[in-house]
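Down below is the structure, laid out as structure tokens.
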Amino acid sequence: MNEIAQKLKTLRLANRMTLKQLAKKAGCTDAYLSQLERGRANPSIMILKKIAAALQVKVVDFFLESESGEEDVIVKEEDRVNINFKRGDAKIQMLVRHIGNKRMQPFYTTIQPGGGSKGFYSHIGEEFGIVLQGELEIKRNGKSYRLKKNESFYFSSQEPHSWSNPGKNKTVVIWVVSPPTF
């Protein structure tokens, strides 16, 4: 989580924001942000999305190194950028290293039993995915959808939604967000 701490402070300072200003925009406390910047707290996906929106960046910006000028056509498994959330028990791997001008953002997502987004969030765009292993529960518009292996989903991301693994085994999902907002 130190990479998040360092990037968070760098991005906040680049936006010329105080902890209080960012906290107000992100809907959390300045004390919590301070803990995040010092690597003493682990944000959920939901709060990291709120902080990213307040800083006008994408969540992935907290994890990426600076882009090289060369576009990757193939991304080997060992070269994927890992986005790990301890609070959500989810490991999200980018299937495309640099999203710069791309119109979609694909992920290989592994969710441990009981793990998930830990809250509702929304953003522009659409989401598509297919469950490769285990079970996935998606909640949106007051409805709960439970998917099993080889079942897919597609929905507008503008409605508040959450996701979790309600099963006893890990869940693996290929997840695509368009446009890239993560």
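The values are calculated or read from the model by the stated rules, or taken from the named source; none is laboratory data. For clarity, every value in this text was computed on a predicted model and none was experimentally measured. Quick reminder, even Gly has a Cβ in these numbers, built from the backbone with ideal geometry, and neighbours come from all protein chains shown.
Points worth noting:
- Listed by first and then second residue, the pairs linking a residue in the stretch 145-160 that is on the phi > 0 side of the Ramachandran plot and assigned to a loop (DSSP other than H, G, I, E, B) to a residue that is surrounded by 14 or more Cβ atoms within 10 Å (Cβ to Cβ) and at pLDDT 95 or above, with Cβ atoms under 8 Å apart and 6 or more places separating them unless they lie on different chains, are N150/I130; N150/V131; N150/L132.
- Filtering the stretch 135-144 to residues that are in a strand (DSSP E or B) and more than 19 Å from the chain's Cα centre (by Cα) leaves K143, S144.
- Counting residues in the stretch 116-132 that are over 20 Å from M94 (Cα atoms) and free of Cβ contacts under 8 Å to residues at least 60 places away in the same chain gives zero.
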